[in-house]
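The values are calculated or read from the model by the stated rules, or taken from the named source; none is laboratory data. None of the values given here were measured: they were computed from a predicted structure. Glycine gets a Cβ as well: all are built from the backbone with ideal geometry, and neighbour counts include every protein chain shown. In case anyone asks, the SASA skips ligands and DNA or RNA and just uses the protein heavy atoms, side chains included. Shrake-Rupley method; radii C 1.70, N 1.55, O 1.52, S 1.80 Å.
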Amino acid sequence: MALSMNVVILLYLVASVFFIQALKGLSSPASSRRGNAFGMVGMAIAMVTTVALVYKLAPQAATGGMVWVLVGLLVGGTAGTIMAKKVEMTKMPELVAFMHSMIGLSAVFIAIAAVAEPWAFGIAPHGGTIPTGNRIELFIGAFVGAITFSGSVIAFGKLSGKYKFRLFQGAPVVFSGQHMVNLALAIAMLVFGLWFAFTQNWFAFWAMLAIAFVLGVLIIIPIGGADMPVVVSMLNSYSGWAAAGIGFSLNNFMLIVAGSLVGSSGAILSYIMCKAMNRSFFNVILGGFGGEVAAVAGKAEQRPVRSGSPEDAAFLMENAETVIIVPGYGLAVARAQHPLKELADKLIEKGVTVKYAIHPVAGRMPGHMNVLLAEAEVPYDQVFEMEDINGEFGEADVALILGANDVVNPAAKDPKSAIAGMPILEAYKAKQVIVNKRSMASGYAGLDNELFYMPKTMMVFGDAKKVVEEMGKSIGG
């Protein structure tokens, strides 16, 4: 299985091209399956090439060690397959956070192994010292991986929302002097890291890692649920840079390219998410939005609203020319995407034009709503992003909002609001607005939604799946 280094580099290059095509394919729901296929083929090429490279560099050691490698691949592949098959669409954000944590922890373990036995990785002679440049790279890869791991664990808990542990709850966790503590820990981590980089001191390395794990927790706990989509993409970026840092340490071209692709794409996505929420990236990281949530969460007003039944809503929609549907996390929780598709089909049969409006941060991770609608086989030409659909709300007869709140809140137009300037889906411009929610509870931002109190708005309370099914039955009758 021995290969020349030129062939290895060529195969890694081919795998990199597949990864780039994977990212390109994942940019659209229509090509996402193809993108996933490219990614899987690219990873398969990379793994087989790496195994062959191990045999080339250390054929005797590889023979015995390859058993453990194959066991790892079998265990990891089996676990991944089971999780992918069992995970519900509503739990996809938690699965993504879990995967990010595993990438970060892998980077940490590789860094520990490289520091313990650098000769096994070809970065130092047996019994020799690691070059200073490699130690700096290992330090960077290790601390980014550690922060990614612990931060992703906290994000997993916050996204799940089912754990009683305080740090796993969606509300921000803040305390006096929090930013100064984070700053002091960051400085201490850098000091220990540089100590290790210039002396290869084991104590400094372990101290740096311990502080990085703690810092990952402290960075994420003050961030509230409203900013979780940004956190997910930010941790995605961190995991990529951790892999790239370790790749530089090991002189592994594949890790460098793949990590850089993930890191840069995650950073770009984080920027897009922040822009969609009118938030400063650094303000999100420092927990600024979470503080505002805590301050305004108790200000929801008790005012009368106009409510109706699913039959009333069905009557309005089947007599409309255009209906724009705005899906939100409430739709995902109720698993109502399939009944919604049936409802839309019935409306289309009656000559009604149906479109879906997707906000960039709807749900708890980027693209969450797109995935849900794709699972229900909603045609891609009916799904529109915010910038493409906002101009059509003014001409729509009905806007049907299912479980969405902050992303349709007109308070974003108020300069004094906590979400001032946040781009929203302008559903309030539709001639009639139907809102389905379980209750009048506020969204992640903790703000009252003026849309719910408008004279043209009809609230239909109840579980989204049951309500949508009743709407469909009424139209079918």
(request) Could you run through the range 143-189 and say how many residues are surrounded by fewer than 18 Cβ atoms within 10 Å (Cβ to Cβ) and of a type in the set (Ser, Thr, Tyr)? (result) 3
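Being more than 24 Å from the chain's Cα centre (by Cα), within 15 Å of Leu343 (Cβ to Cβ) and open to solvent by less than 20 Å² (accessible area, probe 1.4 Å): is that true of Val378 here?
no
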(message) Can you tell me how many residues within the range 394-438 are in a loop (DSSP other than H, G, I, E, B), of a type outside the set (A, V, I, L, M) and either open to solvent by less than 10 Å² (accessible area, probe 1.4 Å) or on the phi < 0 side of the Ramachandran plot (or both)?
(response) 11
(message) I'd like the full set of residues that are surrounded by 11 or more Cβ atoms within 10 Å (Cβ to Cβ), under 24 Å from Ser4 (Cα atoms) and at pLDDT below 75, limited to the range 64-96.
(response) Gly65, Met66
(request) Filter the range 317-343 down to residues that are buried (at least 24 other Cβ atoms within 10 Å of the Cβ) and over 28 Å from the mean Cα position of the chain (by Cα), then give me how many there are. (result) 3
(message) So His126 ticks every box in (1) more than 30 Å from Tyr329 (Cα to Cα); (2) surrounded by 24 or more Cβ atoms within 10 Å (Cβ to Cβ) but one. Which box is left unticked?
(response) (2)
(message) I'm trying to understand the selection: among the residues of the range 68-100, which are under 26 Å from the mean Cα position of the chain (by Cα) and β-branched (Val, Ile, Thr)?
(response) Val75, Thr78, Thr81, Ile82, Val87, Thr90, Val96
(message) So Pro229 ticks every box in (1) surrounded by fewer than 24 Cβ atoms within 10 Å (Cβ to Cβ); (2) in contact with a Pro (Cβ under 6 Å, 6 or more places away or on another chain); (3) in a helix (DSSP H, G or I) but one. Which box is left unticked?
(response) (1)
(message) Among the residues of the range 19-33, what is the count of those that are more than 16 Å from the chain's Cα centre (by Cα), modelled with pLDDT under 90 and more than 15 Å from Asn370 (Cα to Cα)?
(response) 1
(request) Give the residues of the range 453-474 that are over 16 Å from Val433 (Cα atoms) and open to solvent by 10 Å² or more (accessible area, probe 1.4 Å), sorted by residue number. (result) Gly462, Asp463, Lys465, Lys466, Glu469, Glu470, Lys473, Ser474
(request) Working carefully through the options Ile112, Ile103, find the one that is part of a helix (DSSP H, G or I), among the β-branched types (Val, Ile, Thr), surrounded by 12 or more Cβ atoms within 10 Å (Cβ to Cβ) and under 20 Å from the mean Cα position of the chain (by Cα). (result) Ile103
(message) From the list Gly151, Gly80, Gly42, exactly one residue is under 24 Å from Val371 (Cβ atoms), without any contact (Cβ under 8 Å) to a residue 12 or more places away in the chain and assigned to a helix (DSSP H, G or I). Which is it?
(response) Gly80
(message) Looking only at the range 162-195, count every residue that is assigned to a helix (DSSP H, G or I) and out of contact with any Leu (no Cβ under 8 Å at 6 or more places or on another chain) and tell me the total.
(response) 14
